[in-house]
1. Show the residue pairs meeting these rules: Cβ distance below 9 Å; 6+ apart or different chains; first residue within the range 155-177 and without any contact (Cβ under 8 Å) to a residue 24 or more places away in the chain and of a type outside the set (S, T, N, Q); second residue in a helix (DSSP H, G or I) and open to solvent by less than 50 Å² (accessible area, probe 1.4 Å).
2. Give the residues of the range 79-110 that are surrounded by fewer than 23 Cβ atoms within 10 Å (Cβ to Cβ), part of a loop (DSSP other than H, G, I, E, B) and acidic (D, E), sorted by residue number.
3. (1) open to solvent by 70 Å² or more (accessible area, probe 1.4 Å); (2) free of Cβ contacts under 8 Å to residues at least 12 places away in the same chain; (3) closer than 14 Å to K90 by Cα: which one isn't true of K139, the others all being true?
4. Would you check which residues across the range 111-131 are of a type in the set (A, V, I, L, M, F, W, C) and either surrounded by 15 or more Cβ atoms within 10 Å (Cβ to Cβ) or at pLDDT 95 or above (or both) and list them?
5. State all residues of the range 149-178 that are in a helix (DSSP H, G or I) and either more than 16 Å from I101 (Cα to Cα) or not basic (K, R) (or both); if no residue qualifies, say none.
6. Return only the number of the condition from (1) touching a helix residue (DSSP H, G or I) at 6+ places or on another chain (Cβ under 6 Å); (2) in a helix (DSSP H, G or I) that A133 does not satisfy.
7. I'm trying to understand the selection: among the residues of the range 1-60, which are open to solvent by less than 20 Å² (accessible area, probe 1.4 Å), closer than 15 Å to P98 by Cβ, in contact with a Ser or Thr (Cβ under 6 Å, 6 or more places away or on another chain) and among the hydroxyl-bearing types (S, T, Y)?
8. May I ask you to list the residues in the range 108-124 that are of a type outside the set (V, I, T) and touching a residue at least 24 places away in the same chain (Cβ under 8 Å)?
Amino acid sequence: MVESSNESISLSRAVEAIQIPAGTSTTLPEGTHVVITQSLGGSFTVHSSTHGGLFRIDNSDADALGQKPVEEETTAEADTLDGRIWEALKACYDPEIPVNIVDLGLIYSMEAKEGHVDVKMTLTAPGCGMGPAIAADAKSKIEALDSINSAEVEVVWEPQWNPSMISPAGKLKLGIED
């Protein structure tokens, strides 16, 4: 796994990407030079100076970057349905921050009942266009779990997120001291 790199990579084929932080879809053409800034949670965040900044590229397009798909990690916490759901949420990342959305404190609630999961989450900033993409990533990872038929991930703004909501593990990863 390449968490980040300073090496310029030329895309071997065109890929669909999401522009960060706007959240708009675009196609990066074959030959575009990018630098991987993050490869966590089954996607790659890349920087392209020729196309105007940061982009999120899906794990299924890893080959275009000359990479292998990122494998998801699981822990012993995944012994229960709730544990597996939390693990799925921990595999979701804000593409600009190398900490999962659970440890960032973005998940306000999770309720699983009869094959359906409801999640309420927030973002680090109200103007972030990546909200729908992050919520869709969480939804798809939850719905990929056995015994889950459907999921709804709602982005809410109350209470407003602040850095004190980051877990101790997240703070350690970001180098933040209490």
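1. P163/K171; I176/G170; E177/K171
2. Across the range 79-110, the qualifying residues are E96, D103.
3. Single failed check for K139: (2).
4. A112, V117, V119, M121, L123, C128, M130
5. P163, S164, M165, P168, A169, G170, L172, L174 - these are the residues of the range 149-178 that are in a helix (DSSP H, G or I) and either more than 16 Å from I101 (Cα to Cα) or not basic (K, R) (or both).
6. (1)
7. T45
8. Hits for the range 108-124 are Y108, M110, A112, G115, H116, D118, K120, M121, L123.
The values are calculated or read from the model by the stated rules, or taken from the named source; none is laboratory data. What you see is a predicted model, and the numbers here were worked out from it, not measured in a lab. Don't worry about glycine lacking a Cβ; one is built from the backbone with ideal geometry, like all the others, and counts go over all protein chains shown. The accessibility values were calculated without ligands, DNA or RNA, using every heavy atom of the protein model including side chains. Shrake-Rupley method; radii C 1.70, N 1.55, O 1.52, S 1.80 Å.
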